[in-house]
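As structure tokens, the structure follows; a few thoughts come after it.
Values quoted throughout were computed directly from the atomic coordinates according to the rules given, and no laboratory measurement underlies them. Predicted, not measured: the structure shown is a model, and the values here were computed from it. Because the Cβ atoms are built from the backbone with ideal geometry, glycine has one as well, and the counts that use them run over all protein chains shown.
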Amino acid sequence: MKRGELYRVASPSARDPKKFRVFVILSRQVLIDSRFSTVVCAPIYSTHDGLSTQVLVGVNEGLRHDSSIHCDELVSLPKSFLTNFVGSLSPQKIEELNSALSIALDIRD
């Protein structure tokens, strides 16, 4: 399990109408490798609103169609939920993700 990997999760929350949702892992690697049972993730939706906090992804990342990572909707998920591997982000996409996260969390250089 690594930062930038995508996993399909069954019924991630009662509020989500989908039976499955794909999430990308955001936590730093040291936390992922630790004894802690959860990691921070961002959901992936098939909609894209053009926000600076959304990162376009698609078939190159293992998805069936164009989608986007929504960095304004971060969640903590148990590692045990992340078993259905979908794909990984390229280094360029991880840079885009980092930029979107810094905007979403209002972190300035």
Modelled FRET efficiency - R0 41 Å, residue 2 with residue 108, Cβ distances, 0.05 increments
0.90
Based only on the alpha carbon positions, what is the Kirkwood hydrodynamic radius of the chain, in angstrom?
13.9 Å
Nearest 20 debye, what's the magnitude of the dipole of the chain about its Cα centre given +1 on Lys and Arg Cβ and -1 on Asp and Glu Cβ?
540 debye
Cβ density ranking, 10 Å radius, fewest first, applied to 36, 23, 81 yields 36, 81, 23
Testing the spin-label approximation: label points 7 Å from Cα along Cα→Cβ at residue 33 and residue 76. State their distance in nm.
2.2 nm
Kindly provide the pair-distance distribution of region 23-87 built from C-alpha pairs, with 5 Å bins from 0 and whole-percent values in order of increasing distance.
4, 17, 25, 23, 18, 9, 3, 0
Point-to-point label distance, residue 19-residue 49, nm (Cα→Cβ direction, 7 Å offset)
2.8 nm
Dipole of the chain, positive end: most advanced residue of 55, 69, 31 [Cβ charges, Cα centre]
31
With an 8 Å cut-off on Cα pairs and a minimum separation of 6 or more residues, tell me the relative contact order of the chain in percent.
28 percent
